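A.B. asks: Got a structure here, written out as structure tokens. Questions coming.
Just so it is clear, none of the values below were taken in a lab; they were calculated from the coordinates. In this text the structure is predicted, and so the values were computed from the model without any measurement. Don't worry about glycine lacking a Cβ; one is built from the backbone with ideal geometry, like all the others, and counts go over all protein chains shown.
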């Protein structure tokens, strides 16, 4: 259930990379269809997309990547990495492609930082044994997600608010009524 | 098979089956089965923390399952419920991993929390379970009508002025209360299968709410009773029997529902 990212043998690395590539290729090949079926299954069905088959293919890609990563790095980490960065990216990015890239980037940053912190924590109290990577990664991911809900303040935002107000004024000035 | 320690086992398992049948029915109806999985499994982190501090594991379980319910309900206000549940769940598990790594001898106890020790229930564990079972059944009975309305028709409930968020929170708290006491006895995994299997089967058998809830309690009771008897005879783990019986009952009831639909469609 918890696995350990520090005891990965050299022989498991190729399998991990291969499964990741398989999942990536599946998702990229299905990207447009997946996006349509996720956002509007009715339109997808009307356009002749086999919605259930696409769903099954996606589930299979998901299962392969999750199963392998859960065995190697633990179910906690793989669930957290699967959901947290994507949820954060969907709140921040303005287009699907940007959201996908941002999610992958956030995931990489979270796990790199988590590994560094866990490596460093061998010198931390209380046990002197090191804190688990999964704790750091989960905290970083959930923290990052919560940060997106903080009220935005500062100059940039005020300026945007002002310019929005100006554009609304301009619209009203231009409209004939 | 019914004497001494086994009497406690039967009593505790019966109470657990009633709680699981009642709360599971609403969990399935509301589509919050993921929360039903997350709260008991995540709460084990609390037990790990309590044993680290030298406290009674039950205090930690109660604190973490209530915190989990609050976290899910709080995040659900802004995010989709499944994302809220997943993030709360992984946070609890992450903290659990930290606690387990701090204490050296805990791992064994953690596994016993996941799988339970239903054959080692002591007399002083039975009473709190019975009391807690009564409390959660009464709580569900008190909010039965608003809970039913907000589960089946959330928009109508909101339009009639019900505070659906508060009902959601109350329901999650009842679920947290129910699981925190039952998890040390039957284990988080068993509690989950007892909550979901019978309720899902009952729902595909009938559309009438009270009948479905009663059926779900009855199926949970029969499942756990057969499971204990079979486990006692064969020495195989109880979780195996409960899981298999639950899945079998669900498949049978789906088959029955499909057959009935087909008969109803065919002209007389």
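A.B. asks: Over chain B, what is the mean sequence separation of C-alpha contacts under 8 Å (at least six apart), divided by residue count, expressed as relative contact order in percent? List each step's numbers first, then the result.
C.D. replies: On the way: 384 pairs, mean separation 79.0, N = 268.
Relative contact order here is 29 percent.
A.B. asks: For chain B, set up a GNM with springs between Cα atoms under 10 Å and report which of B:52, B:61, B:173 has the largest fluctuation.
C.D. replies: Result for chain B, Cα springs under 10 Å: B:52 fluctuates most.
A.B. asks: Give me the number: length gained by fully extending residue B:119 to residue B:153, i.e. 0.36 nm times residue separation minus the C-alpha to C-alpha distance, one decimal in nm. List each step's numbers first, then the result.
C.D. replies: Numbers: separation 34, 0.36 × 34 = 12.24 nm, distance 4.15 nm.
Gain in length upon complete extension: 8.1 nm.
A.B. asks: Each label point is 7 Å from the Cα along the Cα-to-Cβ direction; what then is the distance between the points at residue B:248 and residue A:97, in nm?
C.D. replies: 5.5
A.B. asks: Looking only at other chains, what is the average number of their beta-carbon atoms within 10 angstrom of each beta-carbon in B:78-85? Walk me through the intermediate numbers first.
C.D. replies: Details: counts 4, 6, 2, 0, 2, 6, 2, 1.
Taking all residues of B:78-85 together, the mean is 3.
A.B. asks: Dividing the alpha-carbon Rg of chain B by 2.2 N^0.38 Å yields what?
C.D. replies: Values: Rg = 18.8 Å, N = 268, 2.2 N^0.38 = 18.4 Å.
Working it through for chain B, the quotient is 1.02.
A.B. asks: Can you tell which of B:258, B:201, B:230 shows the greatest fluctuation in a Gaussian network model of chain B with Cα springs below 10 Å?
C.D. replies: Evaluated over chain B, the most mobile residue of the options is B:258.
A.B. asks: Given a cut-off of under 8 Å on Cα pairs at least six residues apart, what relative contact order in percent is computed for segment B:109-268? Kindly include the intermediate steps, with their values, before the conclusion.
C.D. replies: Numbers: 132 pairs, mean separation 38.8, N = 160.
24 percent.
A.B. asks: Using mean Cβ contacts within 10 Å as the protection proxy, how do A:33-43, A:76-86 order, highest first?
C.D. replies: Values: A:33-43: 14.8, A:76-86: 23.8.
The densest-packed peptide leads the list: A:76-86, A:33-43.
A.B. asks: Could you identify which residue out of B:30, B:254, B:77 has the top mean-square fluctuation in a GNM of chain B using Cα springs shorter than 10 Å?
C.D. replies: B:77
A.B. asks: Relative to the present Cα-Cα distance, how much length would full extension add between residue A:9 and residue A:67 at 0.36 nm per residue of separation?
C.D. replies: Working: separation 58, 0.36 × 58 = 20.88 nm, distance 1.73 nm.
Gain on stretching residue A:9 to residue A:67: 19.2 nm.
A.B. asks: Suppose a student asked you for the relative contact order of segment A:1-73, using Cα pairs under 8 Å spaced at least 6 residues apart; what percent would you report?
C.D. replies: Numbers: 46 pairs, mean separation 36.8, N = 73.
Reported as a whole number, the value is 50 percent.
A.B. asks: Students often check this: by mean Cβ neighbours within 10 Å, which of A:19-29, B:153-163, B:11-21 ranks highest, and how do the rest follow?
C.D. replies: So the peptides A:19-29, B:153-163, B:11-21, ranked by packing, come out B:11-21, A:19-29, B:153-163.
A.B. asks: Quick check for you: which residues of segment B:186-229 have the amide N under 19 Å from the point 7 Å beyond the Cα of residue B:130 toward its beta carbon?
C.D. replies: Counting only backbone N, you get B:186, B:221, B:225.
A.B. asks: As an exercise, use a Förster radius of 41 Å and the Cβ-Cβ distance of residue B:166 and residue A:17 to find the FRET efficiency, rounded to the nearest 0.05.
C.D. replies: On the way: r = 49 Å, r/R0 = 1.19.
Calculated value: 0.25.
A.B. asks: How many partner chain Cβ atoms sit within 10 Å of a residue's Cβ in peptide A:90-97, on average, as a whole number?
C.D. replies: On the way: counts 3, 2, 0, 0, 0, 0, 0, 0.
So the per-residue partner count for this stretch is 1.
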